[in-house]
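The values are calculated or read from the model by the stated rules, or taken from the named source; none is laboratory data. Since this is a predicted model, take the numbers as computed values, not measurements. When we count neighbours, we look across all protein chains shown, and the Cβ atoms used for this are built from the backbone with ideal geometry, even at glycine. Protein only, heavy atoms only, side chains kept; ligands, DNA and RNA dropped before computing areas. Shrake-Rupley method; radii C 1.70, N 1.55, O 1.52, S 1.80 Å.
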Amino acid sequence: MTDFQNNVLDQRSIRLEKLKKLENLGINAYPHVYQPTDTSVDLNKKYAELPNDTQTDDVVKVAGRIKAIRNSGMFMDLYDDTGKVQIFCSLEHLPQNEKDILALMDVGDFLGVEGTVRRTKRGELSVSAQKLTVLAKSLLPLPEKFHGLQDQDIKYRRRYLDMIMNPESKSVLVKRSKIISSIRDFLNALGFLEVETPLLHPILGGANAKPFTTHHNALDMDLYLRIAPELYLKRLIIGGMPAVYEIGRNFRNEGIDTKHNPEFTMLELYWVYKDYNDMMSLLEKMVETTIMNVLGTTEVLFDGKKINFKGPWPRRPMLELVKEATGVDFHQFETNEQAVQAARDLQVDVPDNASWGHVIERVFEEKCEQNLIQPTHVIDHPKDISPLTKEHRADKRLVERFETFCNTWEISNAYTELTNPLDQRQRLEAQVKEREAGNEEAQMFDDEFVTALEYGMPPTGGLGVGIDRLVMLLTGSLSIRDVLAFPTMRNK
């Protein structure tokens, strides 16, 4: 056992003794309720003009966590969710029962304080304590204040402790909430309906990914945790809802790194009578509006790079970017074999049986993504890697699809949705053949979805946005774990 662990155990024993002494004084250290009258920000606004060295008769009640105790309890720093309140305890004038409570307080305890407002000679707004109410006795000590909480593993496993000790961590999570709220407000104002679709899927579909599987005992059937809500949201469009969206968790049984977590948050939306051009404009306006609402600017600094989200953003065909980066025009190749050989000539590793589209996708990943720093729509993807997307109006080998990249990351994926049920059937049948050939990420055939399409689906634009990566960009967070309250961690 480390010295730190021994110290924690020693501290816990000492605090348990203090808890027992509080109980012997007839004090409930974990009361049911407390009603403060003011917060830190309230007091600082109300008494902004109070002169130094001034005592008022105004009685207030404040509450929060003790983060510092000085001069044997004469001064305490009490933190609520808006900031710090300094507490002054006059050992000469404080009643004896309050002195007894004060002697049993530790950093980390929650305390309610009733007293009068004053400003010290040094200009610190304070509350002169008259009555102390224990709200929660902490049994474990907080990390030492000077060094703070620096262990990354503990930061993510014990997020509550990270939030207590690192205000910037709490700020990121607050901004995340505001970003999501702003997106909801933006879409609701356009007439979108927020809906919910199943998390347990009998058929794997809506994206190319490896799933998590589970088993339902009562039905005796295997199910997949959702990798995407797409095929259910489209059913709602078919049913007559003109504009729908869902913000929720998806689950993919893949790797973990600074940009990937097995469960992650996606925004997915569908809008009738729109195409992928409309989706580009919608995304630009939504992100720009959200950034202005949360940050007050369209420009952010991420890892030393200035990124400007002011629309419109460049729209660059994937094949054009590949040719620009490599000098090779993959559109000239008629066979898969020619494309495979060209990729290998560029030192890009691709399987022998890779299709034309899969080759282009790999070359793009290797040669182009690292150059996409400013928000950029990469448009017009190969048809054979886009089974749910409508064929391009000008080129049958391509589809009307875009992915938006920023800081080299994909942050969105969008289509002019495939609405022809006969075409969709053929595309999904091709996906089944890919699965049979060993592609674990290929989609399954969802007969119920194709049946729904046969009842008729109007022209529709669809858009998916990775909320976690967007929050990372807007908060300057270098790891996805910094923007998730509780990221997936290996068992200790």
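Of note:
- Quotient of C-alpha Rg and 2.2 N^0.38 Å, computed over region 270-341: 1.60
- Using θ = phi - 60° and Karplus 6.51 cos²θ - 1.76 cosθ + 1.60, couplings along region 254-264 (whole Hz; Gly, Pro as x): 10, x, 10, 8, 5, 10, 10, 10, x, 10, 8
- Sequence-distant lysines (8 or more away, or on other chains) whose Cα lies within less than 16 Å of Lys20: Lys137
- Solution diffusion estimate, µm²/s, Stokes-Einstein, the chain, Kirkwood Rh from C-alpha pairs, 10 °C, viscosity 1.306 mPa s: 60 µm²/s
- Hydrodynamic radius of region 199-337 per Kirkwood, over alpha carbon pairs, in Å: 18.9 Å
- Overall, the accessible surface of region 254-340 at a probe of 1.4 angstrom is composed of carbon and sulfur to the extent of 47 percent.
- Per residue, in Å², the accessible surface of region 429-492 once ligands and nucleic acids are set aside, probe 1.4 Å: 47 Å²
- Structural size metrics of region 172-212, computed from C-alpha coordinates, are Rg and Dmax of 14.8, 36 Å.
- Rounded to whole Å, sorted largest first: equivalent-ellipsoid semi-axes of region 135-270, Cα gyration tensor: 36, 22, 14
- Kirkwood Rh in Å, taken over region 379-481 so that all alpha-carbon pairs contribute: 15.3 Å
- Solvent exposure of region 1-83, expressed per residue, is 67 Å² of accessible area, with all protein chains present and a 1.4 angstrom probe.
- Surface/4 estimate of mean projected area, convex hull on alpha-carbon atoms of region 1-128, nm²: 9.2 nm²
- Reduced Cα scattering model of region 235-291, Debye log10 I(q)/I(0), q = 0.20 Å⁻¹: -0.93
- Electrostatic bookkeeping for Glu23 treats Lys and Arg as +1 and Asp and Glu as -1; over the other residues with beta carbon under 15 Å from its beta carbon, the sum is +2.
- Summed residue charge, Cβ within 15 Å of Met74's Cβ, Lys/Arg positive, Asp/Glu negative: +1
- 31 Å Cα-Cα threshold exceeded, pairs from Lys67/Lys306; Lys323/Lys390; Lys285/Lys306; Lys323/Lys396; Lys21/Lys175: Lys67/Lys306; Lys21/Lys175
- Dipole magnitude for the chain: about 1880 debye, using +1 per Lys or Arg Cβ and -1 per Asp or Glu Cβ, origin at the Cα centre.
- Two numbers describe the Cα atoms of region 76-158: Rg and Dmax, which are 15.1, 46 Å.
- Region 209-271: translational diffusion in µm²/s, Stokes-Einstein, Kirkwood Rh over Cα pairs, 4 °C, 1.567 mPa s: 97 µm²/s
- Taking θ as phi - 60° and the Karplus parameters 6.51, -1.76 and 1.60, the scalar couplings of region 430-438 work out to 5, 5, 4, 5, 5, 5, 5, 7, x Hz in sequence order, x denoting glycine and proline.
- Over 29 Å between alpha carbons, listed pairs Lys46/Lys170; Lys259/Lys310; Lys18/Lys131: none
- Formal net charge of residues neighbouring Arg362 (Cβ-Cβ distance under 12 Å; K, R +1; D, E -1): -3
- Aspartates and glutamates whose Cα lies under 16 Å from that of Lys433, excluding same-chain neighbours fewer than 8 positions away: Asp384, Asp423, Glu441, Asp446, Asp447
- For region 271-403, the solvent-accessible area of protein heavy atoms averages 47 Å² per residue (probe radius 1.4 Å; ligands and nucleic acids excluded).
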